[in-house]
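First the structure, in the form of structure tokens, and then the observations on it.
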Amino acid sequence: MDSLSRIAIVEDDPEISRMVKTYMSDNGFEVTAARTGRDLDQVMAGGRLDCVILDVGLPGEDGLSICRRIRGKSSVPIIMVTGRGADTDRIVGLEMGADDYLPKPFNPRELLARVRAVMRRSVQTDPGQAEAPQVLVFEGWRLDVGRRQLFSPDGKSRPLTSGEFSILLVFCQHPRKVLSRDDLLELVHGRAAAVFDRSIDVQISRLRRKIETNLKDPSFIKTVRYGGYVFTPLVTLAADN
């Protein structure tokens, strides 16, 4: 991971904040600690961030509100940190636009792995890796893999979080194939599903709101009872690839 990668930890517990900052710094990150949403605003105003580690239970403005506010102006990857057993907080956090979540107490090695994963999914494809980045087309929609952007049939950009982009890319790479929740978690996050893990369901719900015309009867991402999900459109490479 690039040693210049810059992350922020928003945590009001000084012991946890100090532990995370030390561990992530030792692993090659530039880390800034913040205690509140206002502190984070100042950090973000100081330059680009590559990831935000955001605690839910903050004094004043809570993490969920901060996450929603950030998503209104930035696509920076966000990892929510929640109290053990707070499933509702995790689900709502994903609804607000978080890319991943981690319950407390957590192993710093797992946090490091998740930070690297969300950053890997969010970075643009290195232009030196291919002569022409792929553009995948389905039903008039265009998914520009190199620029990590989605364009509707009328040519308008539809902003996606890194998690939403990764799920749509997986669907486009496996069209018309039933993918279980376990399959999707493995393909997107590189990890098996935990019991009651609803992160994929929440991300798919958010993605549907951006590409489906009828949420009550989705035509692109269909739910397969007891099976998972299937992406129904024919996916092709853009003619100019």
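General observations
- Where strands (runs of 3 or more DSSP E) fall entirely within the range 1-94, those with at least 1 residues that are in contact (Cβ under 8 Å) with a residue 40 or more places away in the chain are at 6-10, 51-55, 78-82.
- Residue within the range 68-83 that is at pLDDT 90 or above, over 20 Å from the mean Cα position of the chain (by Cα), buried (at least 20 other Cβ atoms within 10 Å of the Cβ) and under 17 Å from M119 (Cβ atoms) present: no
- Among the residues of the range 13-40, the one identified as under 22 Å from the mean Cα position of the chain (by Cα) and surrounded by fewer than 14 Cβ atoms within 10 Å (Cβ to Cβ) is G28.
- Flag if D50 is more than 19 Å from V118 (Cα to Cα), at pLDDT below 95 and within 22 Å of the chain's Cα centre (by Cα): no
The values are calculated or read from the model by the stated rules, or taken from the named source; none is laboratory data. Owing to the predicted nature of the structure, the values given are computational and were not obtained by experimental measurement. Every residue, glycine as well, gets a Cβ built from its backbone with ideal geometry; the counts of neighbours run over all protein chains shown.
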